[in-house]
Amino acid sequence: MDIQQLIDQYHKSVDEFSRGNPQPVKLLYSHRDDVFLANPFGFIAIGWTRVSDALGFASSKFKDGEVKNFQLIAKYLSDELAIIFEVEKWRAKVGGREEVSSFDLRVTTTFRKEGSDWKLIHRHEDPIASINADGPLRGEL
């Protein structure tokens with residue numbers, strides 16, 4: 001699988017996550033002890049067991065969702081690592097609410113080559129209120 005196919009599969013799995021299904025994301029993750037996850041629903045999880053638990057907990061907070069858009073801001077590719085920095089545009093029922101909320105997440109995702117497969121090893125997300133495409137998001141510090 002090439003890196004664009006991997007990213008496309010990852011995007012589909014995040015969309016499933018927005019409906020409360022963590023399994024597609026879990027299948028993409030490495031099961032090694034050095035993986036990690038930082039999301040808005042709790043502490044940083046390090047190691048596959050904790051990451052798996054955190055993914056299950058976070059996905060349980062979403063219902064009837066969809067990720068409408070993935071805006072690529074930057075990416076880094078090498079033979080061993082792929083890192084993408086994106087803004088994800090979500091719509092979902094969050095935390096047991098009955099109304100659908102729209103929100104954006106700023107997300108950094110890292111994939112690593114493990115044998116002949118690419119595996120997800122890191123995801124860090126946080127909510128943002130706006131995007132300034134003319135400023136630091138484009139690397140203009």
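Restricting Asp64, Asp126, Asp104, Asp53 to residues that are open to solvent by 80 Å² or more (accessible area, probe 1.4 Å), at negative phi and among the acidic types (Asp, Glu) narrows the list to Asp53.
Results for (1) hydrophobic (A, V, I, L, M, F, W, C); (2) modelled with pLDDT of 95 or more; (3) not in a helix (DSSP H, G or I), shown as yes or no for each residue.
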site	(1), (2), (3)
Lys26	no, yes, no
Asp33	no, yes, yes
Leu37	yes, yes, yes
Gly42	no, no, yes
Val51	yes, yes, no
Gly56	no, yes, no
Ile83	yes, yes, yes
Val87	yes, yes, yes
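Residues in the stretch 1-33 that are closer than 22 Å to Ala92 by Cα, more than 13 Å from the chain's Cα centre (by Cα) and basic (Lys, Arg): Arg19 alone. Condition check: in a helix (DSSP H, G or I), free of Cβ contacts under 8 Å to residues at least 40 places away in the same chain and not small (Gly, Ala, Ser). Does Leu72 satisfy that? Answer is no for this residue.
The values are calculated or read from the model by the stated rules, or taken from the named source; none is laboratory data. Remember, predicted model here, so these are calculated numbers, not experimental data. Methodologically, a virtual Cβ is constructed for each residue, glycine included, from the backbone with ideal geometry; neighbour enumeration extends over all protein chains shown. Accessible surface is based on the protein model in full, side chains and every heavy atom, while ligands, DNA and RNA are left aside. Shrake-Rupley method; radii C 1.70, N 1.55, O 1.52, S 1.80 Å.
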